[in-house]
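Asks: Below: one structure in structure tokens.
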Amino acid sequence: MFINLSKKEEMEKYFDEETTVISSLPEKLDYSAALYGVLAEKYHVVVTNPPYLPGNANPVLKKYLEKHYPDSKSDLFAAFIERCLSFNGKNCFTAMITQHHWMFLSSFEKLREKLIKMI
């Protein structure tokens, strides 16, 4: 679950076989800060069923996708693929229910190239 072994060790110092409750305020604050450090890094698993909407269906959406997701601007689900992958750290997983046409259509070529580089 922990990406960095030192983070895991840092969390484990708050618990041993005899101590399962943190009672003092300084201990609670230290534990909370350490926990935040672990959780703030990245998600370990991202699972979603992204929305499907052509990128040109709405002028505001079209402008946003062109600016922030130029490699996946053809459809909102493609931008979701790109965004959800950015949530993950190393050795983490993303699972999505998507249509298969992004694997073949030329409008998603840059997205496919980006995904291949991530492997």
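Asks: Nearest 20 debye, what's the magnitude of the dipole of the range 43-118 about its Cα centre given +1 on Lys and Arg Cβ and -1 on Asp and Glu Cβ? Please list the in-between numbers first.
Replies: Values: 10 positive and 6 negative charges, 37 e Å.
In debye, rounded to 20, the range 43-118 gives about 180.
Asks: As a footprinting exposure proxy, order Y64, Y69, Y52 by other Cβ within 10 Å, with the fewest listed first.
Replies: Ranked by crowding around the Cβ, least crowded first: Y52, Y64, Y69.
Asks: Which order results if M118, M103 are arranged by neighbouring Cβ count within 10 Å, fewest first? It would help to have the intermediate numbers written out before the result.
Replies: On the way: M118 7, M103 11.
Going from sparsest to densest Cβ surroundings: M118, M103.
Asks: Starting from the amide H of T94, placed 1.01 Å from N in the peptide plane, find each other amide H under 5 Å away whose residue is 5 or more places distant or on another chain.
Replies: V46
Asks: Of the listed pairs K63/K114; K67/K90; K62/K110; K63/K90; K62/K117, which have alpha-carbon separations greater than 23 Å here?
Replies: Those over the limit are K67/K90; K63/K90; K62/K117.
Asks: Further, regarding this structure: Show me, bin by bin at 10 Å from 0, the whole-percent P(r) of the range 43-118 based on Cα pairs.
Replies: 20, 52, 26, 2
Just so you know, all these numbers are worked out from the coordinates, no wet-lab data involved. What you see is a predicted model, and the numbers here were worked out from it, not measured in a lab. All Cβ positions, even for glycine, are placed from backbone atoms using ideal geometry, and neighbour counts span all protein chains on display.
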